[in-house]
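Below is one structure, written out as structure tokens; comments come after it.
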Amino acid sequence: MAKRILIVTNRADLHADLVAAKVASGDGRPFRLNLDEFPEHFAITLEFVGGRWEGGLSHLPSGDVLSLSDIGAVWMRKKADFSFLSGRLTPQEKAFADAEMEHILFSLLYGLDCYWMSHPVAIRGAIWKGEQLLRAARMGFGVPPSIVTNRKGDIDAFRGAVGADIVFKALSSPSLAAEKVAPGQRIAANLSTTRITEDHEELLEAVAQSPCFFQQYIAKQYELRVTVIGDQVFAAKIHSQDDPRTATDYRDFSAEILYEAEDLPPEIASRCLDFVRSYGLAYGALDLIVTPSGEYVFLENNPVGQFLFVEQLVPELDMTGALAACLVRGAAGK
């Protein structure tokens with residue numbers, strides 16, 4: 001019998017819904033671990049016997065049982081806060097319970113010898129945007145001049161040195177960490193990449209509070225979202241310059257700009273694949289700029305980035321199918 005595919009995510013993950021359905025239709029056997037239901041809706045028993053861990057998880061509402069020995073592949077998809085039976089834990093009790101659950105969960109996961117998309121250690125090592133720029137430059141991508149500073153004078157000097165506009169970009173989360181605080185405590189939910197103008201001069205003084213990241217603004221012919229799944233490379237050409245709302249950051253989905261499939265030059269496709277593999281990842285979502293002169297400029301790689309919005313706009317890029325097939329093959333040891 002085929003081994004199971006463990007999908008680690010949360011209840012609100014539509015990507016996981018669609019991929020799990022395709023896994024099941026392709027003779028795979030998914031088991032979904034929604035972290036925002038764990039451990040409340042799960043039973044877990046692990047026992048160290050004969051030099052190895054045995055046991056597994058049971059999903060209580062469905063009765064589905066997952067044995068550790070039956071896991072052939074893991075898709076590390078999305079994080080979520082843990083959920084406990086008691087809603088009356090004190091702050092210290094909740095903090096301790098969260099720490100214990102994280103320790104137990106990752107002790108379980110790190111001990112698995114199976115196919116990963118992708119291993120948590122590889123994901124953790126691949127998220128740092130500053131290191132990504134170094135690696136991309138070494139691998140032949142163009143990379144915009146960049147600066148991290150908490151001194152406005154250095155920002156002014158940087159802008160003068162590059163002789164062009166600059167942009168501010170959040171490195172950790174474009175949501176400004178809104179998901180980490182209660183809804184009533186949120187003061188903003190999103191900050192897109194921002195082209196710095198005279199209107200921002202006074203706001204730049206705020207960098208004294210915390211160092212910020214700035215890059216030279218790069219003129220664009222169009223943008224690319226390049227998604228690597230296993231050995232496959234899917235590229236979407238984004239006509240971001242067709243609307244002023246997406247000229248600096250294409251992620252304004254109120255603008256109906258054109259997305260279309262793009263055949264990358266073989267050397268660029270290979271470079272994207274090599275970049276993702278260099279971290280030990282089986283998945284990556286890269287954002288690139290193609291300049292008016294045809295240069296490919298690297299912006300960032302998202303090791304667990306979204307892909308469904310691209311597939312919905314470019315249906316011929318069947319990434320849900322490719323990812324499901326990759327997991328099924330991995331679980332089968334192929």
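Across the range 274-295, which residue is surrounded by the fewest Cβ atoms within 10 Å (Cβ to Cβ) among those that are closer than 15 Å to SER240 by Cα and in contact with a Phe, Trp or Tyr (Cβ under 7 Å, 6 or more places away or on another chain)? This residue is VAL290.
Taken as a whole, the structure leaves LEU18 outside the set of residues that are of a type outside the set (Phe, Trp, Tyr), buried (at least 20 other Cβ atoms within 10 Å of the Cβ) and closer than 25 Å to ALA126 by Cβ. Screening the range 29-67 for residues that are of a type in the set (Asp, Glu) and without any contact (Cβ under 8 Å) to a residue 40 or more places away in the chain and picking the one that is farthest from ILE5 (Cα to Cα) gives GLU47. Scan the range 136-157 for residues that are part of a helix (DSSP H, G or I) and surrounded by 18 or more Cβ atoms within 10 Å (Cβ to Cβ) and the total you get is 2.
Only residues that are of a type in the set (Gly, Ala, Ser), within 15 Å of ILE229 (Cβ to Cβ) and in a loop (DSSP other than H, G, I, E, B) were counted in the range 240-279, giving 0. Against the definition (surrounded by 12 or more Cβ atoms within 10 Å (Cβ to Cβ), touching a residue at least 60 places away in the same chain (Cβ under 8 Å) and assigned by TED's automatic domain parsing to the domain that holds VAL49), how does ILE123 come out, yes or no? No: the conditions fail for ILE123. How many residues does the range 253-267 contain that are under 21 Å from PHE141 (Cβ atoms), surrounded by 13 or more Cβ atoms within 10 Å (Cβ to Cβ) and in contact with a helix residue (DSSP H, G or I) (Cβ under 9 Å, 6 or more places away or on another chain)? So the count comes out to 1. Restricting attention to the range 175-205, the residues that are within 19 Å of PRO244 (Cβ to Cβ) and out of contact with any strand residue (DSSP E or B) (no Cβ under 6 Å at 6 or more places or on another chain) total 7. Number of residues in the range 69-81 that are within 20 Å of ILE44 (Cα to Cα), buried (at least 19 other Cβ atoms within 10 Å of the Cβ) and either charged (D, E, K, R) or free of Cβ contacts under 8 Å to residues at least 60 places away in the same chain (or both) equals 0. With respect to the conditions (1) closer than 22 Å to ALA324 by Cα; (2) at pLDDT below 95; (3) surrounded by fewer than 14 Cβ atoms within 10 Å (Cβ to Cβ), GLY28 lacks only one, and its number is (3).
The set of residues in the range 1-15 that are closer than 11 Å to ALA331 by Cβ and surrounded by 17 or more Cβ atoms within 10 Å (Cβ to Cβ) comprises LYS3, ARG4, ILE5, LEU6. Can you tell me which residue within the range 99-120, out of those that are of a type in the set (A, V, I, L, M) and in a helix (DSSP H, G or I), is surrounded by the fewest Cβ atoms within 10 Å (Cβ to Cβ)? The residue in question is ALA99. Could you say whether any residue in the range 88-98 is at pLDDT 95 or above, among the aromatic types (Phe, Trp, Tyr) and under 23 Å from the mean Cα position of the chain (by Cα)? Within the range 88-98, not a single residue is at pLDDT 95 or above, among the aromatic types (Phe, Trp, Tyr) and under 23 Å from the mean Cα position of the chain (by Cα). If you go through the range 160-172 one residue at a time, do you hit one that is part of a loop (DSSP other than H, G, I, E, B) and loosely packed, with under 12 Cβ neighbours inside 10 Å? Yes, the range 160-172 contains a residue that is part of a loop (DSSP other than H, G, I, E, B) and loosely packed, with under 12 Cβ neighbours inside 10 Å. Between ALA73, ALA43, the distinction of being within 23 Å of the chain's Cα centre (by Cα) and assigned to a strand (DSSP E or B) belongs to ALA73 only.
The values are calculated or read from the model by the stated rules, or taken from the named source; none is laboratory data. What you see is a predicted model; the values in this text were computed from it and never measured. As a convention, Cβ positions derive from the backbone with ideal geometry for all residues, glycine included, and neighbour counts pool all protein chains shown.
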